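Written out below as structure tokens is the structure these notes cover.
Bear in mind that the values in this text are calculations on the coordinates, not laboratory data. Just so it is clear, the structure is predicted and the values come from calculations on it, not from any experiment. Note: ideal-geometry Cβ built from the backbone for every residue, glycine included; neighbour counts use all protein chains shown.
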Amino acid sequence: MQESEFQHLKIERNGHIATVTFDRPEKSNALNYAHLAEIEAAAHGFRDDVETRVVIFTGAGKHFSSGADLSDPGSADQVPLSLRRRRARIGERAIDALCDIDQITIAAWNGAAMGGGACIATALDFRIGADDCFMQYPEVDIGVNLMWKSLPLIVHLTGPARAKQLVAGGARINAEKLLEWGVLDELVPREALLTSAFTLAERYVDKPPVAVQMIKRSINQLVSALDRAVMHMDADQNLFAQTSGDRDEALRAYLAKEKPTFTGD
């Protein structure tokens, strides 16, 4: 896929710095199948790009990304299970592609990073947050587990107890606490977000790219050696969770803004 074909992303280049902007502001940059496929393609597009040394990711409009688009028909029940399994892994593929970018990656995090949006933010090397940013994993509140092989990413950043608050408890964490917990590397006023991201990017632009990229890959391999092996079935677990009565009740209550009643079935 060529950059000119992207409908949900914009890519701009300024010297050795590329900026990828999620461009569905009318949907708070919710992630449908097509959007995730473009993120995967964009990440792979940097593979042979020797001019770009740093890639900044941000969201158009108010939010970084509100997470999976629940109106997306891409995982509809009518398609065969074999196809649903493959399509369910599009988020996993996008996250893997982001983690595998050789260049330094920075999240310029505005507003919400929820669910899949939080997965994207944690897959990048650094996170600069605007003072209006927040994180939440709402999957548990709609009766399913976190997918996209992204659970280890938040555990690495926050430790197991805080990760449980976020993922099992569905806690919404504001900017100040994200900085305190180590999810953010820097917290800045909203109007200074992109300027601050470029300042950080320029620090790495001025370093020898081969050395930087080898160091990055070595560190990532050191901390994540078992991640993919442990998380290889999270998409199947998600599909299994969707068959439960509690999933139906969770989704009904979530959309109706009512308190659910769970039975463990």
Contour minus Cα-Cα span, E180 to V223, at 0.36 nm per residue, comes to 13.4 nm
If the chain between Q165 and I215 were fully extended at 0.36 nm per residue, the gain over the current Cα-Cα distance would be 14.9 nm
Dividing the surface of the Cα convex hull of the stretch 105-146 by four yields a projected area in nm² of 2.8
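What percent antiparallel are the DSSP beta bridges of the chain, to the nearest 5? Write out the running numbers ahead of the final one.
Values: 8 of 31 bridges.
Counting only bridges with both partners in the chain, antiparallel ones make up about 25 percent.
Suppose a student asked you for the relative contact order of the stretch 6-61, using Cα pairs under 8 Å spaced at least 6 residues apart; what percent would you report?
Values: 74 pairs, mean separation 26.3, N = 56.
Once divided by the residue count of the stretch 6-61, the mean separation gives 47 percent.
Quick check on the exposure proxy: order W109, W181, W148 from fewest to most C-beta atoms within 10 angstrom.
Fewest to most other Cβ atoms nearby, the residues stand as W181, W148, W109.
Quick one: which of K62/K216; K27/K164; K10/K177; K149/K177 span more than 26 angstrom between C-alpha atoms? Walk me through the intermediate numbers first.
Details: K62/K216 30 Å; K27/K164 28 Å; K10/K177 30 Å; K149/K177 24 Å.
In this structure, K62/K216; K27/K164; K10/K177 exceed 26 Å between Cα atoms.
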Once phi for every residue in the stretch 149-155 is put through the Karplus expression 6.51 cos²θ - 1.76 cosθ + 1.60 (θ = phi - 60°), the whole-Hz ³J(HN,Hα) values, with Gly and Pro written as x, are 6, 9, 4, x, 4, 6, 5
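Taking the radius of gyration and the Kirkwood hydrodynamic radius from Cα positions alone, what is the Rg/Rh ratio for the stretch 110-206, to two decimal places?
Numbers: Rg = 13.5 Å, Rh = 13.7 Å.
Radius of gyration over Kirkwood radius for the stretch 110-206 works out to 0.99.
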Exposed-loop cut sites defined as GluC sites (Glu not before Pro) in DSSP loop states with at most 14 other Cβ within 10 angstrom; longest site-free run of the chain spans 52-257
In whole Å, largest first, the alpha carbons of the stretch 30-109 cover along the principal axes 44, 30, 14
For the pair K259 and D236, the simple spin-label estimate (label points 7 Å beyond Cα toward Cβ) gives in nm 3.8
Counting only residues 5 or more apart in sequence or on a different chain, those whose built amide H sits under 5 Å from that of I104 are V55
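Take M231, M135 and order them by how many other Cβ atoms sit within 10 Å, fewest up front.
On the way: M231 19, M135 29.
If I rank by nearby Cβ atoms, fewest first, I get M231, M135.
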In nm, the gap between the two label points placed 7 Å beyond Cα toward Cβ at E12 and D141 is 3.3
Each label sits 7 Å from Cα toward the beta-carbon; between E202 and H44 the label points are separated, in nm, by 3.5
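Per residue, how much space in cubic angstrom lies within the convex hull of the C-alpha atoms of the chain? Don't skip to the answer; put the middle values down first.
Values: hull volume 35.0 nm³, N = 265.
In the chain, the Cα convex hull volume per residue is 132 Å³.
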If Y254, Y137 are placed from fewest to most neighbouring beta carbons inside 10 Å, the sequence is Y254, Y137
The local net charge around R47, scoring Lys/Arg +1 and Asp/Glu -1 for residues other than R47 whose Cβ lies under 9 Å from its Cβ, equals -4
Expressed as a whole-number percentage, the relative contact order of the chain with C-alpha contacts under 8 angstrom and at least six residues apart is 18
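Go ahead and run the numbers for FRET between E3 and L70, Cβ-Cβ distance against an R0 of 25 Å, rounding to 0.05.
Details: r = 28 Å, r/R0 = 1.12.
E between E3 and L70, to the nearest 0.05, is 0.35.
Given the rule -39500 (n - 2.57) for each run of at least 4 DSSP H residues, summed and divided by the residues of the chain, what is its mean residue ellipticity at 222 nm, to the nearest 500 deg cm²/dmol?
On the way: 12 runs with 114 residues, N = 265.
Helix-only estimate at 222 nm: -12500 deg cm²/dmol.
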